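**Q** Before I ask anything, here is the structure I am working with.
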Amino acid sequence: MLSGYVELIHGEAKRENSVQQHPLGTRGIDPNGNVFRYVSAGEALGAGVVVMQAAGIANHDMDLVTAATAQDATSVTVTLGGTAATLDQYKQGYLIVNDGPGEGHAYAIAGNPAADSSATLAVRLESGDDIRVALTTASLCGLMANPYSSVEVYDADDIDGIPAGVSTTAITSGYYCWVQTWGFASVLCDVASVIGLPVRVSDGTNGATEPLDRDGTHENEPMIGIAALIATVTTDYGVVYLQISP
């Protein structure tokens, strides 16, 4: 294993599994230096499509009333909104202090119990990531799941989160696999791109790319890489040098 990476043999990044093999978000690197992230699929995914972080839970993602919590504490208790939480729903995710004392801090979550809607939830923090600034009842917090949990096709009309990578193969909903985040990849194209120029997520076709247009009406979609080798044709799959996460 390389420092900070799982070393993948050729083809390993295309193997899905019904049982989780690595922590979500684990980096993998293949012999060619291409980089991948380990994910779970929130829906069935085809090969070569851009995927994104799943939507947050509106009753969990901000302004949760927080119990007073001392500096150096290793857990934080919040009161949920009108949506229940499942066991370890936020494991390997983040607790964000979005307002009040301690605001601006993000903490890594080790796990959480199940809790009913509008109930209190004691969130356990990862060892070493204890509370730096004491929280009070005026502190407001939000919960974010691991961004590589339940990834879904990047929806041009309903963007839920950041681009998480490009699927390496067809992935069964609920299964675990790798998505590519850096290096040469085959990606669905919505509009023909120009070799050597940037591409972004498409504003018209889910899971696809198109040329970055800095002067157009959709210039704010995230850039994900550079068109490479193949002059792409609309609805075909072209080579993109991905630059999502090294």
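We did not get these values from a lab; they are worked out from the coordinates using the rules stated. Predicted, not measured: the structure shown is a model, and the values here were computed from it. Cβ: placed from backbone, ideal geometry, glycine included. Neighbour counts: every protein chain shown.
**Q** In nanometres, what is the gap between the two model label sites at ALA114 and THR136, each 7 Å from Cα along Cα-to-Cβ?
**A** 3.7 nm
**Q** Sticking with this one: In Å and from the alpha-carbon atoms only, list the Rg and Dmax of region 166-246.
**A** Cα-based Rg and Dmax for region 166-246 come out at 12.4, 40 Å.
**Q** How high is the relative contact order of region 1-52? Use alpha-carbon pairs under 8 Å, at least six apart in sequence, and give a whole percent.
**A** Worked out over region 1-52, it gives 32 percent.
**Q** In debye, nearest 20, what is the charge dipole magnitude of region 112-167 about its Cα centre with +1 on Lys and Arg Cβ and -1 on Asp and Glu Cβ, if you could check?
**A** Here the size comes out at about 380 debye.
**Q** Work out, step by step, the length gained on full extension between VAL19 and ALA55: first 0.36 nm times the residue separation, then minus their alpha carbon distance; give nm to one decimal.
**A** That works out to 10.7 nm of additional length.
**Q** Contour minus end-to-end for THR234 and ALA68, with contour as 0.36 nm per residue of separation and end-to-end as the Cα-Cα distance?
**A** The THR234-ALA68 span can extend by a further 54.2 nm.
**Q** Given the options VAL6, ALA227, LEU140, identify the residue whose Cα lies farthest towards the positive end of the charge dipole of the chain (+1 on Cβ of Lys, Arg; -1 on Cβ of Asp, Glu).
**A** Farthest along the dipole direction, towards plus: VAL6.
**Q** Same structure again: What size of dipole, in debye to the nearest 20, comes out for region 1-42 about its Cα centre when the only charges are +1 on Lys and Arg C-beta atoms and -1 on Asp and Glu C-beta atoms?
**A** 100 debye
**Q** Please quote Rg/Rh for the chain to two decimal places, taking the Kirkwood radius as Rh and restricting both calculations to Cα atoms.
**A** Using only Cα positions, Rg/Rh for the chain is 1.03.
**Q** Compute a Gaussian network model of the chain, connecting alpha carbons closer than 10 Å, and tell me which residue from GLY104, GLY207, GLY56 fluctuates the most.
**A** For the chain, modelled as a Gaussian network with Cα springs under 10 Å, the answer is GLY104.
**Q** Using the crude model of +1 on Lys and Arg Cβ and -1 on Asp and Glu Cβ, and no other charge, please compute the dipole size for region 90-130 relative to its Cα centre, in debye to 20.
**A** Computed charge dipole of region 90-130: roughly 160 debye.
**Q** Right, another one. For ASP158 and SER173, compute 0.36 nm times the residue count separating them, minus their Cα-Cα distance, and round to one decimal in nm.
**A** 3.5 nm
**Q** For the chain, what's the relative contact order in percent, using C-alpha pairs closer than 8 Å and at least 6 residues apart?
**A** Taking the mean separation of contacting Cα pairs over the length of the chain, I get 24 percent.
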